[in-house]
Every structure is written in structure tokens, then in C-alpha cells.
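Notes for the one structure printed next.
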Amino acid sequence: MERKPNRTAAALLLVLLLLCGLFAGCQPAAEPAGPDAEGLYLCEKSFFAMDTYISYRVWGTSEEEAKDYGVLLEETFTRIAGMTDRFDPDSELSKVNAAGSEGLAVSAELLEMAELAIDWKVRTNGAFQVLLGSLSDLWNIGGEDPKVPEKTAIAAELQKLSEARLTLRGSVLSVEPEGVILDLGAVAKGYAADAAAKALRQAGCKRALIDAGGTVITIGTKTGGQLWTIGLQDPKEPQKLAGIIESADKALVTSGDYQRYFEQDGTRYHHIFDPETGYPANRLHAVTVLAESAALGDILSTALFVMGPEEGYQLACQLSSEGLAEVLFTLPDYSQKITPGWPGKR
Ligand code: ADP
Ligand code: MG
């Protein structure tokens, strides 16, 4: 299946770069790269992976160290992207899908993503459903000439989903019954961002900012111990900002109906599906999650988007009380609803 670069991701990248210039005190790329007041050198780049423009800023104690961190970040991200690319027949994920009920012994990383998917399917009452690969193919949202599928085709997918099982026995992952396709699109980018941040920390990096189109993760603080200032894209006018928040050592992940979609007869059909109806979830415009890990933020932003402003908000408040996540919901009238611990600045 054809994949097209994500234009909104490019817009988001622009927004973030502008923001960095305006608020985060980052240096424009053309200026000399350091050292700053703390003796750190900046390496700033962007690359393309997982259908998204990923921009990053990493700092090191020398120009060379900063560049090495950049290489490590790109390598880590690209490795996870390759592993979870279900449109590449040689990827580990495609091998799991090909093995079906036979099962396949998977890498520690794929295992961890599968465990997360299994756990959060339960905790989100089925809203998080990674076995909807063939439903997603049927809708073909990012592909050529997408159309609303026939009702009978959607019903057949719902029937398939009702029997779908993802099972882990030790490190052996199986997908059943035949025809069910595992799709890690709602967790892989967050997981890759976490893996990149972990690799950087282990290598000794003290400060970094990674923006993977709707998934922002930071290490350390800005110069002088100041918090990062991160812009929130306005779901109504994605080229504008709906607000800013300040954070450090956290991940900020957004799922929205404006990221990847087509329109038919005046209705917008986007890429986040309600496993109960087989149609794109339509209870919200966007969900932004602030969490320790980008993988969790990625899972929750998708799942809470599906669950909607009542059931989703209830779960979000519970997660807030457990210290796992804070959430901002953008409601159908574009007003916002936040969990009790959402950071003040909006
Ligand atoms: P993005 O990664 O584009 O920012 P999401 O994290 O919300 O957005 O992931 C959307 C992708 O997740 C879809 O393209 C599809 O592959 C998959 N997906 C869609 N609906 C669900 C769902 N209810 N549960 C799990 N995965 C989903
Ligand atoms: Mg997600």
C-alpha cells in the first residue's frame, strides 16, 4: 500500500521550530552552534521516519559529541520504525503477521510494545485495539483516492475484530484468526521516541528535545535549568497554536482528527478508529497527553480520543490521580477540558 508524507506533520514541525525560536531560546540553525553558558554545543537536525518529519535538538560537551548524539538518536528511531513497519514485508511486525497463529519469537522491543498493547486494551475497555490493521486498510485513509467503505465491508471487519486475539506465550507473539492484522501505528512512534531518549541518556546526553510530529519528548532542561516551552497545535486551525505548556523530562503526545484524513460529502474521516463501530471515532477533535513515557502518551492519546469526553475523561482523571498522565481534551465545540494536574500555562 502507498504511503504519502504527512503534510500536517511538516506544518507541525514548522510550528515547533518557530516556537523554539520565539520561546525556547534555541539558536537558529544558521548561527554558530555553541558553546552556550553551560559549555554545551547544539546539534539541530530533522529527518523523515514513520511517515513523519522528526526534528531534534541535542546538546553535547563538544560539537562532535552533540553530532554523535544526533546519529544515535536517528539510528535508534529508524531501527524501531523499521521493526514496526507493516508495509515492509521484511519487518519484524510483518513476520509476526505472516506467522499468524503459529506465533513468532519476537525481540525485547516488540515484546514490550505487545505487552503494552494487551494491557491497555483491557484498561481502556477495548478502545485501544491494535488488531485493526485490515479495518485501517479498508478505509485507506492516507492512501490514493480514499472513500467511505460499504457498510457490509465494515460489518465484516467488526465480525473479524470480535474474534481477534493477540497472545503472548513467553516471547512468542501470535495473531489470530487468519486475516487479522497487527498494526502498532498508535504506539510505535511513542515507543521509538522513548527508545531514542533512553539511548541518549545512557550515552550521557544531558539535554535534548525531540519532536516527532505530535510526539514531543525532552531530556533535562533548557540552559539555566528553565523548563521547555512546548506549543500545542490548534486542532481547529493546525497552523496556529492553541496554547503552550512548560515541562521537563516528560513526553507530550497528541492525537487529533486533523492529522490524517479525507472528506466526503462534507464529513471528515480520519485515521483513529472506534473498534465498536468500525468508523473513525467522532467524539472529540483532539487529545493531548502529558506522561513520563511517550509510548504511554501515544497509547493514551489514541485510546482516550476513541473513548470520548465522558468515559475518556473519567479514565484520564483516574490516571491523573495515579500520577500516570495529565490530559487535555479538545471537545466537539473546540472548548477544552483538562485533568486536575494539567500544568497551568495554556
Ligand atoms: P499518529 O501516530 O498519526 O499521530 P495515533 O497515535 O493516534 O496518531 O495513531 C493512529 C494510528 O493508530 C492509525 O493510523 C492506526 O494505524 C492505528 N489505530 C487507529 N485506531 C486505533 C485504535 N482504536 N487502537 C489502536 N490503534 C489504532
Ligand atoms: Mg497514539
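The values are calculated or read from the model by the stated rules, or taken from the named source; none is laboratory data. Just so we're clear, the structure is a prediction, and the values are computed from it rather than from any experiment. So basically every Cβ, Gly included, is an ideal-geometry build from the backbone, and we count neighbours across all protein chains shown. Accessible surface areas use protein heavy atoms only, side chains included; no ligands, DNA or RNA. Shrake-Rupley method; radii C 1.70, N 1.55, O 1.52, S 1.80 Å.
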Original post:
Say R0 is 25 Å: what FRET efficiency, to the nearest 0.05, do Arg165 and Ala108 get from their beta-carbon distance?
Top reply: 0.65
Original post:
Points 7 angstrom from Cα along the Cβ direction at Ala203 and Asp88: gap in nanometres?
Top reply: 1.9 nm
Subject >> the chain: C-alpha pair distances exceeding 27 Å, % >> reply: 44 percent
Subject >> 1.4 Å probe accessible area per residue over the chain, in Å² >> reply: 44 Å²
Original post:
So what's the back-of-envelope 222 nm ellipticity for the chain, counting only DSSP H runs of four-plus at -39500 (n - 2.57) apiece and dividing by all residues, rounded to 500?
Top reply: -11000 deg cm²/dmol
Original post:
Counting only residues 5 or more places away or on other chains, whose amide H sits under 5 Å from the amide H of Leu132 once H atoms are built in the peptide plane?
Top reply: Asp183
Original post:
For Gly103, which sequence-distant residues (separation of 5 or more, or a different chain) have an amide H within less than 5 Å of its own amide H, given hydrogens modelled in the peptide plane?
Top reply: Val175
Original post:
Using θ = phi - 60° and the Karplus form 6.51 cos²θ - 1.76 cosθ + 1.60, what ³J(HN,Hα) does each residue of the range 145-162 get, whole Hz, x for Gly and Pro?
Top reply: 6, x, 9, 5, x, 4, 4, 5, 5, 5, 4, 5, 5, 5, 4, 4, 4, 5
Subject >> Cβ-Cβ FRET estimate between Thr152 and Glu322, R0 fixed at 56 Å, reported to 0.05 >> reply: 0.85
**OP:** Of the listed pairs Lys151/Lys189; Lys121/Lys147; Lys121/Lys337; Lys222/Lys337; Lys45/Lys198, which have alpha-carbon separations greater than 22 Å here?
**Re:** Lys151/Lys189; Lys121/Lys147; Lys121/Lys337; Lys222/Lys337
Subject >> Residue-by-residue Karplus 3J(HN,Hα) for the range 251-259, coefficients 6.51, -1.76, 1.60, Hz, glycine and proline x >> reply: 10, 10, 10, 10, 10, x, 7, 9, 7
Original post:
log10 I(q)/I(0), Debye, Cα-only the range 184-331, no solvent, q = 0.08, 0.11, 0.18, 0.20 Å⁻¹?
Top reply: -0.22, -0.42, -1.05, -1.25
Subject >> Calculated P(r) tail over 28 Å for the range 53-204, as whole % of Cα pairs >> reply: 30 percent
